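Below: the structure, in structure tokens.
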């Protein structure tokens, strides 16, 4: 894996905005094409193989958590346990997830799994692919995200209700709206009748005891870019167990387990010494080099990095009271002070490609930059 400095395309802002990428720059540059990463075919094959294996380990871990009734350690309200178990046993549809991986000195380690509301999908699936066509069309990229999204939506149609597929996200987040609309566009190409609405537009029909949209249409199939842990804590979410329409939520309720960092000690306990996992526990066990992560933390918030027993780096945020896990420290590599984390996508239960985000700090947060990649066969 090599980082290359290059000159950005002329008028690159116009080029990405034509694709619908309106959040390429916020307070700081987010989409950064002044550099790119090249990976060898062997590295790509390794990432693909490991991603597939990690996905299988994660599914086994979900079954273990359900069998052992470990819901308290995951801070999941008891009222939602039947919903989780039913969605798992009935194999409710799932569309995607993103592993965050570290590739360093030939070793590939899993940091965590963004299983419920992963973002950077649009950038990875579409924007960096168009960048490649302009910059090095003769090269390839580990990226079948767009094709797999369409084919997976098409496959899932047979398992969903004969009703429109709603797509929901929060207001006032261009990133969330863009990601949701991208997924919606792929579903349309797969033949779905779709409707967009914001989370605050999902109503509760007290007469029929089911969710409804602004037009009064029952909500039966719904993709939501909104975390399950938020939903279960709200009055809105309390209606889900009593929904007579039994709406199919994507991602499904069983993803509450995989999106929770409490799954990391479970994975380690089931697979101690696995070459792609990092040692992780519910307490530090005398570890001197570790990362402390709240179980619900998002975008690197409230993460603390300890080396030789001393705090080396930390971020702030609103998480932590719900409990933490303690994961072995495995530092990101440094390319002239840039630290890349590999986001490896699972779509339709198959590896589908990667996106790379980098930052000047060792903890990847919401200020990280997205940097494109290509495969170098030389």
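Throughout, read-outs are computed from the coordinates displayed, never taken from laboratory work. In this text the structure is predicted, and so the values were computed from the model without any measurement. FYI the Cβ positions are ideal-geometry reconstructions off the backbone, even for glycines, and counts take in every protein chain you see.
Across region 110-245, Cα-Cα pairs more than 24 Å apart make up 38 percent of the total. Counted residue by residue at 0.36 nm each, then reduced by the alpha carbon distance between them, the extension gain from residue 86 to residue 365 reaches 97.1 nm.
With contacts taken as Cα pairs under 8 Å at a separation of at least 6 residues, region 279-328 carries a relative contact order of 48 percent. Translational diffusion of the chain, estimated by Stokes-Einstein from the Kirkwood radius over alpha carbon pairs at 25 °C in a medium of 0.890 mPa s, is 114 µm² per second. Taking the three principal axes of the alpha carbon atoms in region 1-137, the coordinate ranges are 56, 34, 26 Å, sorted in descending order. Region 279-328 has equivalent-ellipsoid semi-axes of 17, 13, 7 Å, by the square roots of 5 times the alpha carbon gyration tensor eigenvalues, sorted largest first.
Only helices enter the 222 nm calculation for the chain: every DSSP H run of n ≥ 4 contributes -39,500 (n - 2.57), and dividing by all residues gives -8000 deg cm²/dmol, rounded to 500. Using the Cβ-Cβ distance between residue 159 and residue 10 with R0 set to 41 Å, the FRET efficiency works out to roughly 0.35.
For the pair residue 147 and residue 214 in one chain, pulling the backbone fully straight at 0.36 nm per residue adds 21.0 nm over the alpha carbon distance. Mean sequence separation of contacting Cα pairs (under 8 Å, at least six apart), scaled by the length of the chain, corresponds to a relative contact order of 24 percent.
Under a Gaussian network description of the chain, with springs only between Cα atoms under 10 Å, the residue in 355, 106, 22 that fluctuates furthest is 106. Annotation for residue 350 and residue 282: the two label points, set 7 Å from Cα along the Cα-Cβ direction, are 3.8 nm apart. Secondary structure note: in the chain, about 75% of the DSSP beta bridges are antiparallel.
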